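Data first, discussion second: the structure below is written as structure tokens.
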Amino acid sequence: SHPNHVLPTETVPRFSSSDLSAIAWAATELRDPLCKQIVRAVMEGLLARGSSSVQSLKGGDLANLAWALAKYADDLDHANEDVLDLMQLIVDASLDLLNEAQDSDDPSSTVGLLSVFQPPELGRLVWSLASALSTHTSIPAGKRNQSSIRKLLQYAIIDCAKSLPLFATEDLLRIAWAFLELNDGSIAMIGPQEIRSLGIVLSTAEDCLDRWERGLNRGPRKGSSNERHVGRDASRFSSFFGRPVTVNMPVLDERFGDTTADVERGDGNEEDSMKLSGERGTLPLLRHLSIDPSTLCKAACAFSRLAAHNSHITTNHCLTRVAVRLLSSKNGRLLKECTIHDIVRICEAVALSYESSHERDVSIGLFSRKIVQSLNSHLNLMSDDNMKALFGFDSATPAQLATLLWSLGQLGVKHRVQIDEIDSAYRRLHLIAPKRLLTMDQIASLDIDQLVLLLTGVTTMDSIHVDTTLVLNTLQVVTEKLFQIRHPEKLCEVLEAVSAIKEWLRKSPQSAQPSGPHVESNNKATAKNTTKTKSDNSYSEDEESSSSENSGSSADTNGQTHAVEDTERTDRDDFESLGVLCDGLLDALGTKFVSMIPRLRLQQIRRILRVYCLFPWKADELIDRIEAETGKRAQILLAQGNFADLRRLFTDVSNLSKKMKETVSASDDADESTTFEVLKRGVKSLFWPSEDVATDDASEDNGMGDDQMELSEEMLGLVSKSSQVSMKASSFVNDLEVIDPGCIRDNIWHAQQAAAMDIGQCLEFIAIYRRVEFETGTRRSRYDVERRRDIAKRVLSRLFP
């Protein structure tokens, strides 16, 4: 048995830093029961020695230590400052080793990080960094966005693309995932060289998966070529959900991808099963897959984010497709091996990469049902006192739960409470989950982006039917943090979610109660006008009140308990609070939109108008500003020429710039002073008559002072610089057309067409808003009385010519 105190303080100094790194790595790999205590003692010992203890480590030791720290941090419910500090020391030590290797005078030494790390070590190092600093963890943004960490990941992705044959596919995907994870799928800080490297890694991984699907990668053969030897080494380092494939696991010798059994259970139909299984066939053995399914889920999520956040980058989502096939088949056998981190990432990847097609709809539908079935089977075992009994939910962060709810909502999953149908609810994509999936403290701990995801998720999943408190708490935190939202896209998502909640409140029976600020009041109407509005919208307030009174008296007659009445009263209070919060958010969002109208895209303006005009909600100042801005943009669009005019303009700019350069710049065989004098005389002619310009040098000096001479020289410099800038811009455009023929033409043409379409919709939405009578809650028809009669006559004339 292990001692109670692992590596006590007096024992740690006996080990060198390299020994401590090896101890932490070994305890992690062997899954020692006291692994957390061992890693904690090693971490405290290294930090006590200072940064010099880490600076003395070599590449392999740094990778092993980072691996142990990442595994240790993965088991924690919250971020650990000691882990972050030690990770930063590892990054600094790695860059110092890289600088020493680059300063070496040995010409035969390997350039880059591979001079410090072996390929598997580099993969483990960057994977560990991304795991400890993942966007799904509650790490401060300042810790994640350190320039040294970005620099190390930049070197790693470039070096692995340059030395592709040295890396196993698993290591390549680990590096690519780490790079994208810590950049959060954005390319704002990424250069073309890094994007090119990502493309190389992605194509390599897709080729590996394609060969495995077709059965062309069945393991090493004796006497094979060098490429086969690389494949043998790759399979040796591959793993299965973090465990070595050399371990005798029966699941590695099973074949996945056949959906026949799922059809027999009623999860699909025979035609869809033949389409999914027959065209590609049953997948080969998992033992021959050189990519860990866990890494596959991570990489699929990272590349799906990249394509979703950057519309000009397209991928075929091969990683997501293969992961979905693996996790969906065999009754979701591999889902039992997944952690909550893997499930959240693959659900997010599927939600981000969804493209409608029959085969894809069938596969994603089957995957969604398997996910819901797994969640329901575990959530059904949970009680209010043990909310984290779900497989891995004990390690799920609030950010991960928010992402999961958003992803499930995008996949069409609905939140329900029919416990009696738990066994078949997954077939209808019903998530049977208890209340309080997230507490108020957990919701408050989310950053603003994750909070918007949660609000959108609970709205699309109809969680308000089941857990009004969850929606209410989310709206309260959104209201408090609304000032933190800077991006218009996030504001539009909040606006659409709030309008969906408001619409549900309008249709809900509870909203017909005569009291409470949640009652539809058209934002500014009095109580009398509110009653009239509800009557005009087919609400019968008297009938609802009478029904409530009758049911109440019946309940008293039947002897119902006061607990039921208290519950109903609490629900009414929650609905009233929801209405008040929604009203306040709609007004606050309108104020924020007014201040940022000039930088709103037309698509965002259209989304705003759709809510405020069709809902409707009174926001005269916002609509007036939008109308003025939209009219101005419409005039500019109509004044623009087509792309042919723009292309001729670029050609003319390029030709004129070249001619200007030849005139201004003195060639090797030309007299520079002569060229300058000619230009100077031309500039002088702008200020003085031509007869003064034709005089000798003395008279010129008398006609032009020092200020004018300085001005003329400045103008000549500006002409030269403008010529150079114009030439660079034209050259840049021409180079893009050579790299990707038609890209400029297609993008500009598509932008013009999309802008015209959005402007047309915006103008009509504004016209709809102008016809709304907010005092009565009605909207005037766009036809007058005579026109409606004429239309009715014409309809009848078609029947009776």
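Projected label points at Ser51 and Glu100, each 7 Å from Cα along the beta carbon direction, are separated by 1.5 nanometres. Counting every alpha-carbon pair across segment 575-628, the share separated by more than 18 Å comes to 29%.
Output the pairs from Lys151/Lys728; Lys36/Lys71; Lys71/Lys298; Lys490/Lys592 with a Cα-Cα distance over 19 Å in this structure; if there are none, say none.
Lys151/Lys728
Probing with 1.4 Å while keeping every protein chain in the model, the per residue accessible area of segment 424-471 equals 35 Å².
Surface calculation, 1.4 Å probe, protein heavy atoms: Trp25 sits at approximately 90 Å² accessible.
Taking amide hydrogens as placed 1.01 Å from N in the peptide plane, the amide H of Leu431 sits under 5 Å from those of Lys414, His415, Arg416, each at least 5 positions away in sequence or on another chain. Computed across segment 284-363, the Kirkwood radius stands at 13.0 Å (inverse of mean 1/r, all Cα pairs). Per residue, segment 295-349 exposes an accessible area of 28 Å² to a 1.4 Å probe, with every protein chain left in place. Close amide H contacts of Glu773 (hydrogens built in the peptide plane, cut-off under 5 Å, sequence separation of 5 or more or a different chain): Thr778, Arg779, Arg780.
Only protein heavy atoms count here; under a 1.4 Å probe, Lys36 has an accessible surface of about 90 Å². Phi angles of segment 616-624 translate, via the Karplus equation with coefficients 6.51, -1.76, 1.60 and θ = phi - 60°, into HN-Hα couplings of x, 9, 6, 8, 4, 4, 4, 5, 4 Hz per residue; Gly and Pro are given as x.
Measure out, as a whole number of angstrom, how far apart the alpha-carbon centroids of segment 146-186 and segment 728-791 sit. Using only Cα atoms to place each centre, the spacing works out to 41 Å.
Taking amide H atoms as placed 1.01 Å from N in the peptide plane, the amide H of Phe240 lies under 5 Å from those of Val245, each 5 or more residues away in sequence or on another chain. Evaluating 6.51 cos²θ - 1.76 cosθ + 1.60 at θ = phi - 60° for every residue in segment 746-762, the Karplus couplings come out as 5, 5, 5, 5, 5, 5, 5, 5, 5, 5, 4, 5, 5, 4, x, 5, 4 Hz, glycine and proline recorded as x. Surface composition of segment 444-496: carbon plus sulfur atoms contribute 52% of the solvent-accessible area (1.4 Å probe, protein chains only, all chains present). Among the GluC sites (Glu not before Pro) found in segment 292-376, those both in a DSSP coil and sparsely packed, with 15 or fewer other Cβ atoms within 10 Å of their Cβ, are Glu355.
The values are calculated or read from the model by the stated rules, or taken from the named source; none is laboratory data. What you are looking at is a predicted structure, and each value in this text was computed from that prediction instead of being measured. Note that we place each Cβ from the backbone using ideal geometry, even for glycine, and neighbour counts take in every protein chain shown. Heads up: the accessible areas ignore ligands, DNA and RNA and are worked out on the full protein's heavy atoms, side chains in. Shrake-Rupley method; radii C 1.70, N 1.55, O 1.52, S 1.80 Å.
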